[in-house]
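Taking it in order: structure first as structure tokens, then the write-up.
The values are calculated or read from the model by the stated rules, or taken from the named source; none is laboratory data. Because the structure is predicted, anything quoted here is derived from the model rather than measured. Don't worry about glycine lacking a Cβ; one is built from the backbone with ideal geometry, like all the others, and counts go over all protein chains shown. Ligands, DNA and RNA are excluded from the accessible area calculation, which covers all protein heavy atoms including side chains. Shrake-Rupley method; radii C 1.70, N 1.55, O 1.52, S 1.80 Å.
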Amino acid sequence: MSATAVRPLRLGVLGCADIARRRMLPSLERQPLVEVTAVASRTSDKARQFTDLFGGTPVEGYGRLLERDDVDAVYIPLPPEMHVEWTLRALAAGKHVLCEKPFATSLADAEKAVAFARERGLLLMEGFMFLHHSQHARVRELVADGLIGEVQLFSSEFGIPLRPAAEPGGTPRRASTLPEVAAYPIRAAQLFLGPGLRVAGAQERPASAYGPSPAGSALLVSTSGAAAQLAYGVEHAYLSGYGLWGSRGRLRLERAFSTPDDFTPVLKVERDGEVSEMVLDKDHHFTNIAGVFARAVLHGEDFAPHAEAILDHARLVEEVERAAGR
């Protein structure tokens, strides 16, 4: 069945987070398979600010949105500690769920939610938007074609500068936590080195004004013996990229995770002593993931790969945290 023959997926937005306003809701306007029918916030005024911009009905209270008959699925951009609670409530209400990453703060919570989604026959998908940018598929194609030979090392860094969790003499505020940042390079390592990664070591910087775990790093090893060196943190100059080092050359991609829609990616390649650059296509990864989510529901696709991806990532994150002594 063609996409145009299927009515759009009616989506409710559970929370008025900054990521929803800046990236997801503007992107949904470009996705014909999705129609935003309602936006919920703790206050009706905040919800109305969003619906005035992006359409839909403003709803006061997350629970009331889940009661609506014109909502088939929900997008959850709430803080990570609220993800599982509201995912379970959405699934209980019969709604499919696209949830921001990291989906869960523990493997046990991830397993509980995935089991409930399977029991209810509903789609549960973790919002790793960057995976749906065509630049990564192109890099994988080049690597598979032998551009740099056999991959020996994957390296990735994601660091963002933040204000301290509490300004001098001010009120403490919630800082972005390390799991939200570490999730990107860890998930990218899985993308390029495959499942079954083993944690060979990890470290975590002690708590600071930037939060309880402001920085860390990990060393992972694939089943083939290739390694992944990862670094991440929230008290850094901005860095968002990855590299692959093979038996014949290496490549590097910047702005890999928080890629603006109008950004033209450039892949730097060093091979056989020569350095070159490949200009890759611009893409709309937020719009793309909404399409993947909607097609899975509307066309009755297999939900299992999305559930397994959540569990695989949660297991690996928990192993990294254990190795770091958390």
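Hey, what's the Kirkwood Rh for segment 1-120 if you take every pair of different alpha carbons, in angstrom?
Numbers: mean 1/r = 0.0688 Å⁻¹.
When all Cα pairs of segment 1-120 are included, the Kirkwood radius is 14.5 Å.
Which value, in Å², gives the accessible area per residue of the chain when a 1.4 Å probe is used on the protein heavy atoms?
Details: 14680 Å² over 326 residues.
Per residue, the chain has an accessible area of 45 Å².
Report the normalised scattering of segment 135-285 as log10 I(q)/I(0) at q = 0.12, 0.13, 0.20 Å⁻¹, calculated by the Debye formula with identical scatterers on the alpha carbons.
Once normalised to I(0) and log-transformed, intensities are -0.56, -0.64, -1.22.
Which log10 I(q)/I(0) values does segment 1-55 give at q = 0.23, 0.25, 0.27 Å⁻¹ under the Debye formula, counting every alpha carbon as one identical point scatterer?
Cα-only, vacuum Debye calculation for segment 1-55: -0.85, -0.96, -1.08.
What percentage of all Cα-Cα pairs in segment 61-214 are separated by more than 28 Å?
38 percent
Rounded to the nearest whole Å³, what is the per residue volume of the convex hull around the Cα atoms of segment 203-271?
On the way: hull volume 8.4 nm³, N = 69.
Expressed per residue, the convex hull around the Cα atoms of segment 203-271 is 121 Å³.
In whole Å, what are the Cα extents of segment 207-326 along the three principal axes, biggest one first?
So the extents along the principal axes, rounded to whole Å, are 49, 40, 36.
Just the number: Rg to Rh for segment 191-235, Cα atoms, Kirkwood Rh, two decimals.
Working: Rg = 12.8 Å, Rh = 11.6 Å.
A ratio of 1.10.
Counting only DSSP beta bridges with both residues in the chain, what percent are antiparallel, rounded to the nearest 5? Provide the component values of the computation, followed by the final result.
Numbers: 39 of 67 bridges.
Within the chain, antiparallel bridges account for around 60 percent of the total.
Taking Rh as the Kirkwood radius, which is the inverse of the mean 1/r over Cα pairs, what is the Rg/Rh value for segment 49-88?
Over the Cα atoms of segment 49-88, Rg/Rh equals 0.97.
So what are the three principal axis dimensions of segment 63-138 from its Cα atoms, in whole Å, longest to shortest?
Taking max minus min along each principal axis of the Cα atoms, segment 63-138 gives 41, 30, 24 Å.
Based on the mean of other beta carbon atoms within 10 Å per residue, what is the order of 138-149, 49-60, 31-42, 180-191, most packed first?
Working: 138-149: 15.0, 49-60: 18.1, 31-42: 21.6, 180-191: 23.2.
By packing density, highest mean first, the sequence is 180-191, 31-42, 49-60, 138-149.
Gain in length, residue 209 to residue 85, computed as 0.36 nm per residue apart minus the alpha-carbon separation, to one decimal in nm?
Values: separation 124, 0.36 × 124 = 44.64 nm, distance 2.79 nm.
Here the answer is 41.8 nm.
Normalized C-alpha radius of gyration of the chain, against 2.2 N^0.38 Å?
On the way: Rg = 20.1 Å, N = 326, 2.2 N^0.38 = 19.8 Å.
So the Cα radius of gyration is 1.02 times the expected 2.2 N^0.38 Å.
Percent of accessible area on segment 193-326 owned by carbon and sulfur, 1.4 Å probe?
Numbers: 3310 of 6420 Å².
That fraction is 52 percent.
So, in Å, what gap is there between the alpha-carbon centers of segment 6-56 and segment 220-240?
First find each Cα centre; the distance between them is then 33 Å.
Return a single number: how many Lys pairs in the chain, at a sequence separation of 8 or more or on separate chains, have alpha-carbon atoms below 30 angstrom apart.
Numbers: 46/95; 46/101; 95/112; 101/112; 101/268; 101/282; 268/282.
Step by step, the pairs that qualify in the chain add up to 7.
What does the helix-only formula give at 222 nm for the chain: each DSSP H stretch with n ≥ 4 adding -39500 (n - 2.57), the total divided by the residues, and the result rounded to the nearest 500 deg cm²/dmol? Display every interim value, and only then the final one.
On the way: 9 runs with 105 residues, N = 326.
Result for the chain, helices only: -10000 deg cm²/dmol.
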